[in-house]
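A short write-up of the structure that comes next.
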Amino acid sequence: MRTQVGIVGAGPAGLLLSHLLHLQGIESMVLEIRSREYVEGRIRAGVLEQGTVDLLNETGLGERMRREGLSHEGINIRFAGHTHRIDFVDLTGKAVTVYGQHEVVKDLIAARLKAGAQLHFEVDQVGVSDLDTPAPTIRFLDRDGAEHALVCDVIAGCDGFHGVCRPAIPAGRLTMYEREYPLAWLGILAESHPISHELIYVYHERGFALFSMRSPRITRLYLQCAPDEDLALWPDDRIWDELQRRLAGDEETPILQEGPILQKGVTTMRSFVAEPMQFGRLFLAGDAAHIVPPTGAKGLNLAVTDVSVLAQALAAFYASGSFEELDRYSATCLRRVWKAERFSAWMTSTLHRFPGHTPFEQRVQLAELDYLMSSHAAQKSLAENYVGLPLR
Ligand code: APR
Ligand code: PHB
């Protein structure tokens with residue numbers, strides 16, 4: 001079997017790359033270990049930067065997003081009993097769009113299948129080899145158990161943090177940078193009318209909380225918890241009770257509407273970067289190369305930027321035969337990746353209660369938030385990072 005670009009993983013990175021390559025007339029094959037239903041039902045974050053929205057629109061993927069996505073012109077930050085708004089449009093001229101990542105994935109899968117893409121779900125025993133030769137190869141078993149070797153010009157490792165591509169790079173060729181946080185988020189999706197038009201990030205003595213949404217009827221909520229939190233100890237009543245406490249604001253703040261909980265899960269927090277994002281003819285993109293903690297919602301947006309840079313570099317490669325642009329891929333992406341790492345780590349450190357923090361450190365957090373709300377410059381800095389920094 002042969003293809004031009006072999007893509008491991010059908011998350012947003014792999015699927016969008018395959019779509020962008022198709023628009024450039026480049027053939028690809030996508031291999032995914034999970035089922036289509038699993039990938040389409042996996043609930044993740046849901047904030048799209050303006051640049052992500054523009055790219056989806058420009059490449060014909062925006063039809064449902066334009067109908068169902070919610071444009072948010074700012075966010076709220078609540079601490080010490082008060083709510084403060086940061087107005088993105090006023091500060092940057094841009095907004096963000098709330099549209100679930102799994103909705104983006106559904107739109108991508110529909111578009112790829114409509115175009116007759118080679119998209120294989122439920123493959124098994126995926127392995128990559130010959131990465132520093134002109135014929136890098138992906139071996140896998142298809143869903144019927146038949147063995148295949150897919151010979152490619154280039155492989156895109158879009159298989160997330162736990163995938164097989166990054167570990168296939170020989171020891172010593174990558175430098176890994178990592179920070180683990182002593183925190184996690186307990187997230188729920190609930191049938192409940194949003195109490196606010198925009199997100200509310202809460203710094204609270206009982207721990208961080210986040211109010212978000214997916215539609216005018218569906219609310220998405222998160223509570224800071226321990227990384228090893230046992231969900232069995234969190235019946236619905238306890239979750240609502242804790243959310244009510246942490247989200248309680250001033251008298252004007254509406255009380256959270258409780259409703260059936262549709263989905264529950266714990267998200268751990270990590271900052272991670274592997275450098276460079278290339279070895280020979282293997283290119284890593286999205287979570288395979290870097291992870292951000294979810295505070296700030298940068299993960300999907302970084303994956304989208306990576307694959308748009310990679311698709312352009314591959315188009316240049318096929319047009320000219322030159323590796324020049326492909327060889328710049330990693331450095332081009334990493335400059336922006338590191339700024340998003342900085343921003344996500346800052347949002348995380350500022351808004352959570354860290355076990356072991358002294359009263360001094362807690363006072364500094366409050367001062368940081370107070371400074372943010374009293375400084376136009378600080379608000380502008382948050383806003384321009386939140387709506388998305390330019391690539392270059
Ligand atoms: N072979 C094939 N597919 C694999 C393998 C493997 N060995 N290992 C993992 N995968 C698949 C996973 O099942 C998943 O569908 O690769 C896909 C990777 O997708 P994501 O984890 O969604 O990563 P990515 O496409 O880079 O998207 C980044 O996801 O985690 C969020 O916050 C992150 O929003 C960001 C986005
Ligand atoms: C979400 O809606 O899931 C969400 C929003 C903002 C974040 C993280 C997650 O920072």
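The values are calculated or read from the model by the stated rules, or taken from the named source; none is laboratory data. Remember, it's a predicted structure, so these values are computed and weren't measured experimentally. Here Cβ is always computed from backbone atoms with ideal geometry, including for glycine, and neighbour counts include all displayed protein chains. Ligands, DNA and RNA are excluded from the accessible area calculation, which covers all protein heavy atoms including side chains. Shrake-Rupley method; radii C 1.70, N 1.55, O 1.52, S 1.80 Å.
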Next item on the list: Answer yes or no: is there a residue in region 144-153 that is open to solvent by 40 Å² or more (accessible area, probe 1.4 Å) and touching a Gly at 6+ places or on another chain (Cβ under 6 Å).
Entry: no
Note to self: Residues that are open to solvent by 10 Å² or more (accessible area, probe 1.4 Å), away from ligand 1 (no atom under 12 Å from the Cβ) and of a type in the set (D, E, K, R): does region 286-308 have at least one?
What the structure shows: no
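Restricting to region 229-255, count the residues that are more than 26 Å from R85 (Cβ to Cβ) and touching a residue at least 12 places away in the same chain (Cβ under 8 Å). Steps first, answer last, please.
Our first condition is that a residue be more than 26 Å from R85 (Cβ to Cβ); within region 229-255, this holds for 229-239, 241.
Those left that are additionally touching a residue at least 12 places away in the same chain (Cβ under 8 Å): 229, 231, 234, 236, 239.
The number of residues fulfilling the criteria is 5.
Condition test on R67, is it closer than 24 Å to Q263 by Cβ, without any contact (Cβ under 8 Å) to a residue 24 or more places away in the chain and either among the aromatic types (F, W, Y) or not assigned by TED's automatic domain parsing to the domain that holds H204 (or both)?
Working: closer than 24 Å to Q263 by Cβ: yes; without any contact (Cβ under 8 Å) to a residue 24 or more places away in the chain: yes; either among the aromatic types (F, W, Y) or not assigned by TED's automatic domain parsing to the domain that holds H204 (or both): yes.
Taking the combined requirement at face value, the residue satisfies it.
Can you name every residue in region 210-223 that is surrounded by fewer than 21 Cβ atoms within 10 Å (Cβ to Cβ) and within 16 Å of ligand 1 (Cβ to nearest atom)?
Within region 210-223, none qualify.
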Check: So which residues in region 252-282 are modelled with pLDDT under 95 and touching a His at 6+ places or on another chain (Cβ under 7 Å)?
Finding: Q257
Next item on the list: Examine region 251-267 for a residue that is open to solvent by 40 Å² or more (accessible area, probe 1.4 Å) and under 24 Å from L61 (Cα atoms), and state whether such a residue exists.
Entry: no
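Suppose we filter A190, A209, A168, A226 for residues that are in the same structural domain as L334 (by TED's automatic domain parsing) and at negative phi; which single one remains? Before you say what the answer is, go through the steps one by one.
Working: A190 fails: in the same structural domain as L334 (by TED's automatic domain parsing); A209 fails: in the same structural domain as L334 (by TED's automatic domain parsing); A226 fails: in the same structural domain as L334 (by TED's automatic domain parsing).
When all the criteria are applied, what remains is A168.
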Next item on the list: Give the residue that is surrounded by the fewest Cβ atoms within 10 Å (Cβ to Cβ), with candidates limited to residues of region 177-192 that are hydroxyl-bearing (S, T, Y) and part of a strand (DSSP E or B).
Entry: Y177
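Taking H376 as the residue in question, decide whether it is out of contact with any helix residue (DSSP H, G or I) (no Cβ under 7 Å at 6 or more places or on another chain) and open to solvent by less than 60 Å² (accessible area, probe 1.4 Å).
Numbers: out of contact with any helix residue (DSSP H, G or I) (no Cβ under 7 Å at 6 or more places or on another chain): yes; open to solvent by less than 60 Å² (accessible area, probe 1.4 Å): no.
In short, no.
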Notebook entry, point to check: Quick one: which of G249, G296, G286 is modelled with pLDDT under 95, within 20 Å of P12 (Cα to Cα) and of a type outside the set (D, E)?
Noted result: G296
Check: What pairs come up if the first residue lies in region 211-226 and is more than 10 Å from ligand 2 (Cβ to nearest atom), the second is of a type in the set (F, W, Y), and their beta carbons are under 7 Å apart, counting only those six or more places apart or on different chains?
Finding: L223/W185; Q224/W185; Q224/F208; C225/W185
Check: Looking only at region 193-209, which residues are open to solvent by 10 Å² or more (accessible area, probe 1.4 Å) and either within 12 Å of ligand 2 (Cβ to nearest atom) or free of Cβ contacts under 8 Å to residues at least 40 places away in the same chain (or both)?
Finding: P194, E198
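If I ask for residues that are open to solvent by 10 Å² or more (accessible area, probe 1.4 Å) and in contact with a strand residue (DSSP E or B) (Cβ under 7 Å, 6 or more places away or on another chain), which ones from region 309-322 would you list?
Going through region 309-322, the residues open to solvent by 10 Å² or more (accessible area, probe 1.4 Å) turn out to be 309, 312, 315-322.
Passing the criteria: none in range.
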Notebook entry, point to check: Does any residue in region 348-359 that is under 11 Å from Y203 (Cα atoms) and at pLDDT 95 or above come within less than 6 Å, Cβ to Cβ, of a residue that is among the hydrophobic types (A, V, I, L, M, F, W, C) and not in a loop (DSSP other than H, G, I, E, B) six or more places away or on a different chain, and which pairs are these?
Noted result: H352/L183
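Considering only helices (runs of 4 or more DSSP H) fully contained in region 1-59, which possess at least 1 residues that are open to solvent by less than 10 Å² (accessible area, probe 1.4 Å) and not assigned by TED's automatic domain parsing to the domain that holds K114?
Hits in region 1-59: none.
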